[in-house]
1. Looking only at region 50-57, decide whether some residue is without any contact (Cβ under 8 Å) to a residue 24 or more places away in the chain, acidic (Asp, Glu) and surrounded by 10 or more Cβ atoms within 10 Å (Cβ to Cβ).
2. Would you tally the residues in region 3-14 being more than 6 Å from the ligand (Cβ to nearest atom), part of a loop (DSSP other than H, G, I, E, B) and surrounded by 13 or more Cβ atoms within 10 Å (Cβ to Cβ)?
3. Suppose the filter is aromatic (Phe, Trp, Tyr) and in a strand (DSSP E or B); does residue 84 pass it?
4. Residues in region 16-61 that are over 30 Å from residue 3 (Cα atoms) and either out of contact with any Gly (no Cβ under 6 Å at 6 or more places or on another chain) or hydroxyl-bearing (Ser, Thr, Tyr) (or both): how many?
5. Given the criterion modelled with pLDDT under 95 and more than 8 Å from the ligand (Cβ to nearest atom), identify the matching residue among 24, 37.
6. Might you let me know whether region 39-55 holds any residue that is of a type in the set (Val, Ile, Thr), in a strand (DSSP E or B) and touching a Ser or Thr at 6+ places or on another chain (Cβ under 7 Å)?
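The values are calculated or read from the model by the stated rules, or taken from the named source; none is laboratory data. Keep in mind it's a predicted model, so treat the numbers as computed, not measured. For neighbour counting, all protein chains shown are included, and Cβ atoms are generated from backbone atoms with ideal geometry for every residue, glycine included.
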Amino acid sequence: MRVCAECGGELASSFRFCPWCAAPQRRKLVEFFRAHPRDEGKALRVSRYLTEDPHVRFSVWNAEGVAEGAVSLDEEEAERLAGFLAAPRLPRPRPFERLRALIPR
Ligand SMILES: [Zn+2]
């Protein structure tokens, strides 16, 4: 068990965020993302730095465990990327077009 520096609540040492006040418990969060099959053998690593200079770093890793390239985004640009990814993928057809697709003529 560990104690949150923000609120004093007890939490498991594996926790990334305090369950009581949501304060981040690590200075760096890392997540790996599986590549599309066309990029088999590679993975995307996203590191989020919760430091005085907060930023997000993206790096492409190969099967040998070597980073092939990397780029960092500041918080504002990372927010913009999150919005871009959260946007709907395709515009939904209008109701009349959906109806016509259901009833062939
Ligand atoms: Zn806390």
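1. no
2. Of region 3-14, the ones more than 6 Å from the ligand (Cβ to nearest atom) are 3, 5, 8, 10-14.
Of the ones still in play, those that are also part of a loop (DSSP other than H, G, I, E, B) are 5, 8, 12-14.
From the residues that got through so far, the ones that are surrounded by 13 or more Cβ atoms within 10 Å (Cβ to Cβ) too are none.
Going through region 3-14 one residue at a time, the tally reaches 0.
3. Numbers: aromatic (Phe, Trp, Tyr): yes; in a strand (DSSP E or B): no.
Here the answer is no, as residue 84 does not meet what is asked.
4. Narrowing region 16-61 to residues over 30 Å from residue 3 (Cα atoms): 33-44, 58-61.
Now narrow it down to the ones that are either out of contact with any Gly (no Cβ under 6 Å at 6 or more places or on another chain) or hydroxyl-bearing (Ser, Thr, Tyr) (or both): 33-44, 58-59, 61.
Counting residues in region 16-61 that are over 30 Å from residue 3 (Cα atoms) and either out of contact with any Gly (no Cβ under 6 Å at 6 or more places or on another chain) or hydroxyl-bearing (Ser, Thr, Tyr) (or both) gives 15.
5. On the way: 37 fails: modelled with pLDDT under 95.
Just a single option satisfies the conditions, and that option is 24.
6. Pass one, region 39-55, residues of a type in the set (Val, Ile, Thr): 46, 51.
Then keep just the ones that are in a strand (DSSP E or B); that gives 46.
Now drop any that are not touching a Ser or Thr at 6+ places or on another chain (Cβ under 7 Å), which leaves none.
For region 39-55, residues of a type in the set (Val, Ile, Thr), in a strand (DSSP E or B) and touching a Ser or Thr at 6+ places or on another chain (Cβ under 7 Å): absent.
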